[in-house]
Every structure is written in structure tokens, then in C-alpha cells.
Protein chains: 4
Amino acid sequence: MSISHFRDTLEVQELMERYRKVRARTVELCKPLGIEDYVPQPRFFASPPKWHLAHTSWFFEAMVLKPFAEKYNEYHEQFSYLFNSYYKTVGDRAVREERGAMTRPSVQEVMNYRAHVDSAMEEYITSDSAQDMLLLLELGTHHEQQHQELLITDLKHTFSLNPIFPVYRADSNHIIDHNDAVGWLSMSEGIYEIGHNSSGFCFDNELGRHKVYLHAYEISKSYVTNGEYIEFIKAGGYSDFSFWLDEGYEWISKENIDRPLYWYCIDGKWHYYTLAGLKPVDPEAILAHVSYYEAQAYATWRGMRLPTEQEWEAASDQLHYGKRWEWTGSAYLPYPGFKIAEGAAGEYNGKFMINTMVLRGGSVATPSKHCRPTYRNFFHPHHRWQYTGIRLAK
Amino acid sequence: MSISHFRDTLEVQELMERYRKVRARTVELCKPLGIEDYVPQPRFFASPPKWHLAHTSWFFEAMVLKPFAEKYNEYHEQFSYLFNSYYKTVGDRAVREERGAMTRPSVQEVMNYRAHVDSAMEEYITSDSAQDMLLLLELGTHHEQQHQELLITDLKHTFSLNPIFPVYRADSNHIIDHNDAVGWLSMSEGIYEIGHNSSGFCFDNELGRHKVYLHAYEISKSYVTNGEYIEFIKAGGYSDFSFWLDEGYEWISKENIDRPLYWYCIDGKWHYYTLAGLKPVDPEAILAHVSYYEAQAYATWRGMRLPTEQEWEAASDQLHYGKRWEWTGSAYLPYPGFKIAEGAAGEYNGKFMINTMVLRGGSVATPSKHCRPTYRNFFHPHHRWQYTGIRLAK
Amino acid sequence: MSISHFRDTLEVQELMERYRKVRARTVELCKPLGIEDYVPQPRFFASPPKWHLAHTSWFFEAMVLKPFAEKYNEYHEQFSYLFNSYYKTVGDRAVREERGAMTRPSVQEVMNYRAHVDSAMEEYITSDSAQDMLLLLELGTHHEQQHQELLITDLKHTFSLNPIFPVYRADSNHIIDHNDAVGWLSMSEGIYEIGHNSSGFCFDNELGRHKVYLHAYEISKSYVTNGEYIEFIKAGGYSDFSFWLDEGYEWISKENIDRPLYWYCIDGKWHYYTLAGLKPVDPEAILAHVSYYEAQAYATWRGMRLPTEQEWEAASDQLHYGKRWEWTGSAYLPYPGFKIAEGAAGEYNGKFMINTMVLRGGSVATPSKHCRPTYRNFFHPHHRWQYTGIRLAK
Amino acid sequence: MSISHFRDTLEVQELMERYRKVRARTVELCKPLGIEDYVPQPRFFASPPKWHLAHTSWFFEAMVLKPFAEKYNEYHEQFSYLFNSYYKTVGDRAVREERGAMTRPSVQEVMNYRAHVDSAMEEYITSDSAQDMLLLLELGTHHEQQHQELLITDLKHTFSLNPIFPVYRADSNHIIDHNDAVGWLSMSEGIYEIGHNSSGFCFDNELGRHKVYLHAYEISKSYVTNGEYIEFIKAGGYSDFSFWLDEGYEWISKENIDRPLYWYCIDGKWHYYTLAGLKPVDPEAILAHVSYYEAQAYATWRGMRLPTEQEWEAASDQLHYGKRWEWTGSAYLPYPGFKIAEGAAGEYNGKFMINTMVLRGGSVATPSKHCRPTYRNFFHPHHRWQYTGIRLAK
């Protein structure tokens, strides 16, 4: 497996600390859950908490322990089938849509599986043979952090379908955050360098640092707020075809969409479902849970546009960011010189370079220090169950 | 609500005993379950155990306690929305397909809800005002028994999707039962009476006892066995269009069906998933889990046919039955003089008199004494997650 | 091929006259068409006029000329593939949904094909070898008459999609016909005989004359009129769930149905598309183009029901009929003793005995003398592009 | 309507000649057709020849004659509804999927409509009031040329569904063309200018000439040939997941795709349907009718990639092109400074800037002189009924 690009150097002790911290964090996130909450997969695109817990362990078992750790005893031969998310190189996998039907193994047994893997991993990390594998091991921890974010957003989606509006944590401060800056940042025309360049970890799709020529542009220092977006709704934005992409308008028409995800109008006042329960919409807070279609239509209505990912990255050191995944106007495509890694580790980022748009930034659900300015997130333009928001450019 | 037809007389004490026994049985059925098992709804047509537990309580709350029991305190105002299965007269209801997403209320809270309803019901049953309602109360217990059967068959379906093949109860003897009789019963031409006629309970669709003229026929004393059905498979029955109804052939072609539900061929030998786990198919045991389409094709291949529901009922006192729901050749339609009950109790049997076929008999999952010779079960012709089997006629 | 049941005796000369008359009538029906009108198949269930013209010729070619007529020269080897509607015994066939894409052969070439087949058929009919085949030949003419009715109803459906509302024939008097009788016919309880019994032609599904026991009933002498149905619409019949079968209500909800097919409300007045163009609805005229679901809901709203097909047939000699295909309350299922004919001729009526309902009567589009009191037409309960109507029973 | 960007200057006489030539060419293309061929729309994405003929006339009527030509008599008030393809600003339009059901107006009447519009247009073009409109008038001719290409490719698709394999023109030399050059063109790193810059006509999506920074690359002087693609097929390219985008592999799996569109394997030899009928595949000829997914997988299998649209345009003056629409690795998105035109003319190119990929070049079906190096064609990645091909880069 060609993993030379993931990072230059990494010490065993640093990796061990990181491994322990990340693994503990996943379990920590599940503490407020009842056993029932671990099970459902109400939508194709989401996965049950129990599956996230098991899959992230499977990743280490399938990618590291089984191929490289001598004497490793596989926990259960069918778990490989049950908890492989995608990697066809590694063997068969259960049908994605059926994850919510897998009541067994139980939550307790999944926790036992995690402990089994952790024990073997900790032994393996300090072994001699692991020294060439540290970068792959680190990849596993970043992979788990991605699933931490999905675990939260998937859970929120499941809870949102329940008319009881379950509370994940009453003190959850998700999506009540405000802008730290206002106004516009002016960027001058010229050549900029884009892509990962530091000694730290990155994914393969960030590599291939290259030059781009950007024309002068302005990029907003602030995210669009709920109050600003309500103006768009009030102005009839959802029913005026002229602001929308053709497929966007078809999507809102077919799905009867006229507001961000999780919004409800109760007695004439906007509320939204949050992980702390149903709350009145704070007009000063930053908008979340809109699709690319909505972001694009809003920007058009404002007479502006979304920044490209290159414009975003070039300005990133002067922006406050990390509160929303910001839709950019860029399709998710390979950088010049992009190479897919060989083997199973290559079966991820490059496979989805079609029909998806790039998001930059990070969000309240992103594990701290997981993100960086060169990080390229991507989703289909109609998805909005992530904490997605809007930053304007002109 | 016109419920005069459900039964002639019923004593309070008899009802109370029945109520307690039925309610306890539902909980008893769930004992082998882990908490996770209560949650999923992997298919539209099935429901989670948790939902069955709550819905059967909701029935008493919505049909009896709220309208008739003075001073009844509703357990939770949103439960009515969550656990109403169908009855539009009684108010809004949650989307059927989302039942598997409702992780809250928890299993424990559903059990508390059951206890709350039971306590109020026991008080109500012995009250003066209940005396006119006994027949409706009995209807509720029969309704719950129907859900007991669904609880088991739905659970089996969920478990069957799990490649681990979970065991519900290791001593479960489901579908290993054998025929008690062989040969043919000859029935002579003439007028027979069909429909419910005793003083006991029945559903509205069994009422309207009426005369039918039957021509001479023979009906098998035995069910079709696994071994007999394997002959059909071996003979290429699933690939010869001539045996099939057009929509049946379309169905097996589109769904890639070439065997009964839950069957697997392992190393050339037939196995099936049972509630005791994966087991070799016993060729002497009675066939289960076939659709009407398969039953009809099998009968055609044998040069025979399925009995009509009238033929079945006319012969019923000379048949051993109750091991399988037997597909009949009759569409589910109203008897002469059929009247839909007014109000919510009328919103059930009559609503489904289109595109469904009648099944008679009962099954290993049917609560004992729930069934009777006039009982009319009905399903769409492609469904087979019930314990459905075949009895031939000629 | 076992065709002994189609009729007892038939003279060559009688058949020859019938053949010529029926074949000429199909072409006659197409006279008002432009070449463009012969081509489209806008819906799966309908077929283009050109296809009907060719398929009815193919029937004689494939069933009679190729297997039985010595020295017959097949017109074009690929026509068999193009114009086989269903008969799997006779070989491959083009995908049903693609009929509208077959611009070639041209209309002119299809007419040449008809002439080629007619010439060979006329020679064959008078040959010695045809004497044993006369009943099969007659079947072909009845088959063609069925397609004459479909040709008209399919064409009406295609035209109806055109906002220009094309006129087929300005003097077309379709669906402006009125009732010839009013009041109720009382039928007494007892045994009746059902099924075909005369020496004339019938289809296999009418055979197996048998006894049924009918309870006393009343059947309307008149069809439901447009004006009566408008009362149902005005009374909110389409939005009151209590009148509808569950699948019927689902169908009208999903398809946004609130009126008969081809009806338009223009400036507050009901109009309908007819083969003579768009016309105001005549309230005295007989209702047409309703589904079984609508017929059933209307009857329920009136506190009545639809007659069963046995009730209809038992009363048929005292009814005026033949103006509408009347939905009965009977599912389309085999009569006692029903046998599917061997070979291709058996691949028709018996294959559809599931999920369809029986219609009796005939319609303004039915060729004269094609129908008879024992004739069993059948369609899925949501179909309404035939001239379907309602007769009530109680 | 802001059309200032379409071109700088244009003389009346030049426009008149262009108008006449383009209009005549559309009719010329239809000469080999029978009346039946004008009607069908077998797929959502294609349109009938009759519709193309009428729609291109409607464009001039709706955009020019009705708003600007005094005294213009509309030909038929419902044609506007029937032949509006998309432009919501201009009013209602018929459902796109129903175009194939519109047998009326007849082909002859559509030709009369064209003559009516042509007569009015020729009068209008020479009128004083037209002088400010010349650029819009020219847009109409380019619009018609686009439909000329679609008319041919849509017709080919309809014909291809017919097992008779109709011949459009026996002398049609479509897709038997060969490469004019071989080898690789090396392009050096640096800043290039992209976008339309000449005084001639262009569409709005080509405007906004801007600088891009390109890294050094090589681009093939030749298109991929049938023979080269057959090697990919032989090597199992369609069944090896590693070469494919995830959605590409899903698409070929679901649609059972294992070869280019219109290819058939007959007795072990590749044939393809062409407008001259079914022909053996010439291995030296240039490949056509592949999707982006196939183009991308083929390039990956070769260890190469597709050029970006910027790379293509920068090299375009050194390439022979115009034989295939070449899939680029670029998503179809706005250039910097892209502005949607106001009014109906703006309702086209900008609306589709999502989920589509850019194609450059032109094809054998593109009207001569219609294309140019800055022309940006775009289709969804699974479409392949255009003459689409592959040029590699590395």
C-alpha cells in the first residue's frame, strides 16, 4: 500500500496517544444514548451508531491486524462481512441499506469487539513491525474521526424523525453559534498555491500542491445567518425559478422543500430541531442544514455567488472558520497529478469524484484538530444532514 | 359503534381473565429479545416488536379508555400519534415506514405504558359503565392476538436479514411439524352454509352466514411437504412460465425468486432459517413461507388447484388444520350482506377487500384458540413472511 | 391445441364471411387517422393503431398459417418478433413498452402485410386441411374484435393527452348515450346456472357452466349517470376516506384523482374529452371512464354495492346492457373445472386471474355481436381508459 | 434582454443568408424520413423530429415575432404551449415526456407553421425595428443548429430500438471516420487565457475570458479507436471495479452495460448500429457513444486521464478535432464573471451547471461551422447517445 503521502514522520508515542484519544472519544460520544438509539438506519445515507462503533474497529482489524499483526485472533469471522462499509478489495460486505436490521451483535458485544481490537492494536503499535505502518495507523484514526462526525449527524437525523424530538444532550450548543467577524475580504489577482504542503497528516485528495491563477475577488468574513436566510424565504425565494439551477428547482418541487432541514413553523414562528431538542430559531445564529441547491439559489438571489474551493483556500488564513461546512462552487474532482493509492486505502476519496460538490471549513460536529485549510469534504448537492452553511463571494 | 355482531354474551370475569392472559402473553413472547431487537423495521410490511407492544396498548387507550373511562389520564399525548397503526377516524398517525426510527420511547417506557393501560383497563372492566362495552373489550384482545402473530413473523423477518442468523429460542419448534393425515377427502355436490354461526367471538368479515352451492370436489388431508416442493424446484418449476400466473412470473423474475423464503442452498443441501437458527430442511416437514403465486404454480404443476375458501370451510370439520395459513383460490371480498362497522372499529377488515387472497387455517405462530374455521386471513399474493403453506384440491 | 370448447359446429362459408367482415372492420376504424396517429404508445397499457393492425394479422400468421398452411411464405421473419403481444410459446417478442418506437415497418407496409395474410388465409380457409381448424380460425376473429375495441380506447387515450383535443370523428356519438330503463329488478333467492351454454362461440374463461346459490338481491335497471356521479363529487366523495378501499384512497391521493378520466372543469362547468372533441358533460348521459375504486366508493356512498358477476349474469336477460363495461364486485378467478387450453391459445385468459376484477356488459366501443351475457372482461382496479361504468345492486 | 455579449457586429444581409441556410438545412435533414419517423419519443432525453421542426420555429415566434414584430399573426395559439421546450419565462409548456403522444399537428401542418414563421421573419429581418435585434436573431439560428444535431442523434436512438435496424441514409458515413494524426502534444506550464475572445458569435457560457495556470501536460493528437477500446473490453475492463468511479460502476451494474451504446456481438464479432444500418465495427475507426464513466474508466485503465477543458482549449489550435464530442475531466460550471442573461434567453446554459461534465470538440452530427474551440457542450455523465468519444491526457 502506497501511503508515503500521508505524512512525513510520526513518533510511536505520538501515535499511541492519538489512537487512545480518538478511540475513547467515539465511545464518549455515545454516552447519552439508550440502547435503542444505537440501532436504526432510517435513511440510506446514514448509519446506526452501533455500526459506526463496529466499523471503525473493523477498519483497524481488516487493514492492520489481519494482514500485518502476527498471531492476531479475529474476533468473529462474520464481523468482516457485517462492518465493511465499502472496501471491495477487502471482501464481501453486507448490503448498506440493511445496517439498521442488524440487531445482533448487541451493543455490548460491539463494545467487547472494540476492546479486543484496542488490546491487539496497542500491542501491535509498540511492536517492531509496526514502525513502517505508523502512517497507515494514523490514517485509521482520521478515518474514525470522520465517523465521529457522521455518528452525530446520522443520530440527529434519526432523532429528527421522531415527533417526540429526543434530546441528545440538553447542554448541546450545536448551531447556536454566531459570527466572529463581518465584512468582506478583498483578494488580489494572481497565482496562488493550492493543496497540502505541511508535514502533518492529510488525505490523498489534498495532495498534489499546485498553482492556480485567481482573478480578483471578495469573500465574506461572515457566514450567512438564519435571519438573512429568513429574508430569502420571505421574499419567495423557494418559489421563484429564476434563482435556481434546473435540477435544484426540480428537487425542491418534488420533495416539497421550502426551508432548511429540521425547520418547523409553529404558530408563525420558526423553530428547529437541535440535539438539545426543539428550539426557536435564533436569527443571529449561523444558518445550517442547507443543500448546495439552496446555497446557490440564495447567493444568486443576493446577486452574488459561492466561492470556488481555490478562492476559499487562498483566503483561508484570514478567515474564521470551522463552524459550518461551506458549500463551494467547485465540483469535487482530482487535483493535477492526483494518484489513487493502491489497495483498499485507495478505495475511498477518488471513487466519489463525480456529481459531488466540495465543502470547506469544518463544523460544530467535526472533531477538534481533525480539519485543516486544505481539507476537501464532498457531498451530493441535495444532501443537507451535515452542518452545511453558506459563505458568499463576489 | 355497532359491535353487536361480535358475540352474543360475555361475562365480566371471563373477559378479565382473557384480558390478563392475552396481555401477559405478548410480554412473554418478547422475553428472549435483547433491547436492540425491539427496534428495527427493515421492511414496510413489518413492524418493530416495540411498536407492537405499544400499539396494542394504544388500541385500548384510544378505543376504550379515552372515550369511555371517566378520569382516565392519558399516558403521553404524542403516543396516540406514534402508535396508531391505521385508524384515520382516531386521528393523525406517524408514517408507517418510519416506525423503525422511533428509538424513543424506550422499551422500558413502553412497558410502563402497558402497565399504565392495564391498570386503568382492569379498573374499567369491573366498572358499571363497561357492561355495554364488553364485546368491544374482547375485540381488543383478539386484536392483540393478531399482533402477537405479527410480532413473531416480523421478528423472524428482521432476524433473517442478519448473516449471523440469530436464534430467538433454541427450542423453537417452528416449521418442523409434520402431517397428521394423508389422502383425500371427497366432498359431495350441494348447498353448504358459510360464515360464522356460533355464539363465540368473530370478526366482522366472517359474518353474514350464507348459502353457497359447491360442486363435488376432493380436498387433500395433508399439507404439501418440503420434499414434495423440492420436486417442483428440481423439475424446473420456477423457470417454466406455463405454470405461473403472468404477474407471478413477473414477480419471480424481477425479484430473482427460485425457492421459498428463508431457504438457502449450502453445499448442495437445502437449509432454512428458523427461529431456532439455520437448520437443514426436513423433507417430511410441512412447507412454509410460500407466496400465493408459488402455491398456485405448484398446484398447476401437479395438475391440481387450490381449494376455494368455501370448499375449505365446508370440509373444515374433517381436516386437521392450524399448522399453516393455507392459500385459497378465493379473493378476499365481502360476504353477502357484509356491513362495515361504524367508527374506528370499521376501519379494518373491509378496507382491504381488493388485490388480496384469503388464507384459512392458522399457523404455528397463531395464538392458541385465536383461530376458528370461519376465520378469514388475507394477504397480497406476493407476501410470504407469514407461515403460509399449500393444501391441494381437485 | 384443445379448442373443442370454443364452439360446437361452424360452416366454412359462415367463417369466411365472418373473417372478411372482421378484417375489413379493423381497417375501417382507422380511416379517420392521419399517418402520425398510427405511431404513439404513450402509456404502457395502450398500444399504437399500427401495432394493433399488425398484431391481429400476426395472430393468423403465427397460429394458423405458419404451423398449418403448407407452402405459406412468411411475410417478414422479424415481424413475428415485432408483433407478438404476449404468447411466449410462440417465441421471443419485442419489449411491450417500445411499441411506440417502431416507426418501421410503415403503415403502408403493415397494410401490405395484412393483405398478404388475408390472401393466404382465404386460400387456407377453403382448403381441406382447414376443416379441423375452423374453431381456431374463429377464435382469431374474436381476438381481432377485442383489439378493435382496444384500438379505439388506446387511440382515445393518446388523443386525450394532446391539448389540441383532436377529433377522431365529428359524428362520433361515444358516451352521450342514455339509460333505456329505470328502477330496480328484484331477483329471488335460489340456485342459478352460470357460464356459457349455447352452441355459439365463447372464450375458455366462460366455460364450465356451474350452479351457484344466490341470496335475494335487487339490481338496478339503469346505469349511474354523469349527473348522479357529480352529486358524489359535490358531496366531497373523493376526499372522504370512509367510502374508499384503502388501496383506492391511496391511489386517488397519489395520482391526484378527483374526477372521472377525461373530465375537465372549465369556468366551473364539467367537460369531457370525447372522440368528437371536447364537449360539455351531459348530466343525463351514462357515466364512463371510472375505475373499480371509484365505482366501489360511489356505491358505498349510496349505501349500496356493486353486483357480483353471478348476480349480474343471473339477471342479464332482464337488463338492457352493452353501453358500458360494468365493474362487478367479483375478482376474476377460474370457474369450477376451468382448464387452460394447451399451447399458445392457452396463454391468455387464465394468465391474468389475479389482482383483476370482472367487468360485464360491453360498451359503445365493443364490436357489435362480439359480446354476450357470459362474457367476462377483466382489468386491474385502477384502470379506466375503457368505457367503464357503474350499475348498482343492493 | 441583455444580448450584447453574443457578438459585436452583424450585417442584415449576412444574417438573412444565415437564417435561410440554417432553416433549409433542418428540413433537408428530414428528407429521408417517412411520416411515421417524425413521431416517437421513446426516451425522456430525446425528442421527435416533428417536435424539433416545430420548436425551432416556435423559438423565433416566441422570442422575436410576438414581442417585436408589429402585426404578426400567431399561427396557432396552442403551439406556444406545445412547442416550448423549457423557457418558463415564456409561459406554460407541455410535459416533456408527452412529446411523442402529440400526433397532431401533422407533419404537414408543422411544415406550414415553419413557412408561416419564415415568411414573417424574412419580412421582419429587413425591417427597421430589427436592427437592434440582429444578435438575438442570430442566436435563434445557432439554437436551431443545436437542434439539428439533436434531431439526428435522437432519431438514431429511436431507430436503434427497432430490431429491423432502419437505414436513415445508406451513404451515411457516420462514425466510420479515422484519426488524422497520432502521437502526443506536449504543453508547457504557465498561464493561459480561456474563453471566447473573437468578434464572432458565442453562447453566454463561453464568455468571461480569463487566465488559468496550467501545469505541464501531454495531450493525445488522436482519439481512442474502436480497436483500442476493444482491448479494454477484452481485458475485463467492465468488470474490474478498480478502474471505475463508484457511481459509474453502479451504473454499469444496474443497467447491465458492458460495451458502447449501439454495439452488438454477432457470432463473436462486434457490430454497431449506424445511420446506414447495422455494420461490422471498424477497429481503426474512432470510438463513439461512450459515457463519461466509460471514458474515465478507460483512461484509468490506460494509466492516464482525461484532459480538463482548460487543457483542451489551450491546446486546441494544434489539434484536429470535430469528429467526436470529447469528454473532459471538468465539471460544467460558470467561468469567473459569468452572468446569466436576463429574460428567456438566460434560461438555458446557466441552469444546467450541476452534475454535468463538459465536452469539447464537436461531432459528425454537428452542423459545419457551428462549433468553435471555446464551445462548451455538457451532458450528464451517463449519457452516450451523442457522438461522444475519448481523447487521453497525461
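Condition first: open to solvent by less than 60 Å² (accessible area, probe 1.4 Å) and assigned to a helix (DSSP H, G or I). Now tell me which residues in the range C:254-275 satisfy that. Before the answer, list the steps.
Going through the range C:254-275, the residues open to solvent by less than 60 Å² (accessible area, probe 1.4 Å) turn out to be C:257, C:260-263, C:270-275.
Selection gives nothing.
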**Message:** Given the criteria within 26 Å of B:Trp325 (Cα to Cα) and either away from chain A (no Cβ under 14 Å) or of a type in the set (Ser, Thr, Tyr) (or both), does B:Ala130 qualify?
**Reply:** no
**Message:** Could you check the range C:83-107 and list, in sequence order, the residues that are of a type in the set (Lys, Arg) and within 11 Å of chain D (Cβ to nearest Cβ)?
**Reply:** C:Arg93, C:Arg99, C:Arg104
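Which of the residues belonging to the range D:76-104 are open to solvent by 70 Å² or more (accessible area, probe 1.4 Å) and either of a type outside the set (Lys, Arg) or outside the structural domain of D:Lys31 (by TED's automatic domain parsing) (or both)? Spell out the reasoning first.
So in the range D:76-104, the residues open to solvent by 70 Å² or more (accessible area, probe 1.4 Å) come out as D:77, D:81, D:88-89, D:92-93, D:95-97.
D:Glu77, D:Tyr81, D:Thr89, D:Asp92, D:Val95, D:Glu97, listed by residue number.
Only one residue in A:Val224, A:Val212 is modelled with pLDDT of 95 or more and within 16 Å of A:Glu309 (Cα to Cα). Which one? Spell out the reasoning first.
Details: A:Val224 fails: within 16 Å of A:Glu309 (Cα to Cα).
Going through A:Val224, A:Val212 in turn, the sole match is A:Val212.
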**Request:** Would you check which residues across the range C:315-328 are surrounded by fewer than 22 Cβ atoms within 10 Å (Cβ to Cβ) and outside any loop (DSSP other than H, G, I, E, B) and list them?
**Result:** C:Ser316, C:Asp317, C:Gln318
**Asked** Only one residue in A:Ile266, A:Ile230 is aliphatic (A, V, I, L, M) and modelled with pLDDT under 95, so which one is that?
**Response** A:Ile266
**Asked** Taking the range B:276-285, which residues are in contact with a Phe, Trp or Tyr (Cβ under 6 Å, 6 or more places away or on another chain) and not in a strand (DSSP E or B)?
**Response** B:Val281
**Request:** Please tell me if A:Tyr75 is away from chain B (no Cβ under 11 Å), in a loop (DSSP other than H, G, I, E, B) and in contact (Cβ under 8 Å) with a residue 40 or more places away in the chain.
**Result:** yes
**Fill in**
Quick count over the range D:125-178, residues being of a type outside the set (Val, Ile, Thr), in the same structural domain as D:Tyr19 (by TED's automatic domain parsing), within 23 Å of the chain's Cα centre (by Cα) and farther than 19 Å from C:Val39 by Cβ, is 15
**Asked** Scanning for something more than 24 Å from D:Gly389 (Cβ to Cβ) and polar (S, T, N, Q), does the range D:207-222 turn up at least one residue?
**Response** no
**Request:** Could you check how many residues of the range C:18-70 are of a type in the set (Ser, Thr, Tyr) and surrounded by 21 or more Cβ atoms within 10 Å (Cβ to Cβ)?
**Result:** 4
**Asked** What residue, of C:Ala288, C:Ala345, C:Ala341, is assigned by TED's automatic domain parsing to the domain that holds C:Ile233, touching a residue at least 12 places away in the same chain (Cβ under 8 Å), of a type in the set (A, V, I, L, M, F, W, C) and in a helix (DSSP H, G or I)?
**Response** C:Ala345
**Prompt:** B:Glu250 is checked against (1) free of Cβ contacts under 8 Å to residues at least 24 places away in the same chain; (2) assigned to a helix (DSSP H, G or I); (3) surrounded by 17 or more Cβ atoms within 10 Å (Cβ to Cβ) and fails just one. What number does that condition carry?
**Reply:** (3)
**Request:** Select from the range A:375-394 the residues that are among the β-branched types (Val, Ile, Thr) and surrounded by fewer than 21 Cβ atoms within 10 Å (Cβ to Cβ) and list them in ascending order.
**Result:** none
**Request:** Filter the range B:276-299 down to the residues that are touching a helix residue (DSSP H, G or I) at 6+ places or on another chain (Cβ under 6 Å) and either surrounded by fewer than 19 Cβ atoms within 10 Å (Cβ to Cβ) or closer than 15 Å to B:Ser172 by Cβ (or both), then identify the one that is farthest from the other protein chains (Cβ to nearest Cβ).
**Result:** B:Pro283
**Prompt:** Can you spot a residue in the range D:181-194 that is more than 30 Å from A:His210 (Cβ to Cβ) and either open to solvent by 10 Å² or more (accessible area, probe 1.4 Å) or in a loop (DSSP other than H, G, I, E, B) (or both)?
**Reply:** no
**Asked** Which of the following residues is within 26 Å of the chain's Cα centre (by Cα), closer than 29 Å to B:Tyr375 by Cβ and free of Cβ contacts under 8 Å to residues at least 60 places away in the same chain: B:Gly227, B:Gly200, B:Gly208?
**Response** B:Gly227
**Message:** Step by step: first the residues of the range A:348-394, then only those that are within 14 Å of chain D (Cβ to nearest Cβ) and assigned to a strand (DSSP E or B), then the one that is farthest from A:His147 (Cα to Cα). Which residue is that?
**Reply:** A:Ala393
**Message:** What's the number of the only condition in (1) open to solvent by 30 Å² or more (accessible area, probe 1.4 Å); (2) away from chain B (no Cβ under 14 Å); (3) in contact (Cβ under 8 Å) with a residue 24 or more places away in the chain that C:Pro336 fails to meet?
**Reply:** (2)
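Look at the range B:32-57 and say how many of its residues are within 14 Å of chain A (Cβ to nearest Cβ) and farther than 17 Å from A:Pro42 by Cα. First the steps, then the outcome.
From the range B:32-57, those within 14 Å of chain A (Cβ to nearest Cβ) are B:32-51, B:53-54; that's our starting set.
The next check asks that each one be farther than 17 Å from A:Pro42 by Cα; those that pass are B:32-35, B:53-54.
Result for the range B:32-57: 6.
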**Request:** Residue by residue through the range D:183-242, note down the ones that are more than 14 Å from chain A (Cβ to nearest Cβ) and among the hydroxyl-bearing types (Ser, Thr, Tyr).
**Result:** D:Ser186, D:Ser198, D:Ser199, D:Ser220, D:Ser222, D:Tyr223, D:Thr225, D:Tyr229, D:Tyr238
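The values are calculated or read from the model by the stated rules, or taken from the named source; none is laboratory data. Everything quoted here is computed from the prediction, not taken from an experiment. Cβ: placed from backbone, ideal geometry, glycine included. Neighbour counts: every protein chain shown. Remember, those area values only see protein heavy atoms, side chains included, never the ligands or the DNA or RNA. Shrake-Rupley method; radii C 1.70, N 1.55, O 1.52, S 1.80 Å.
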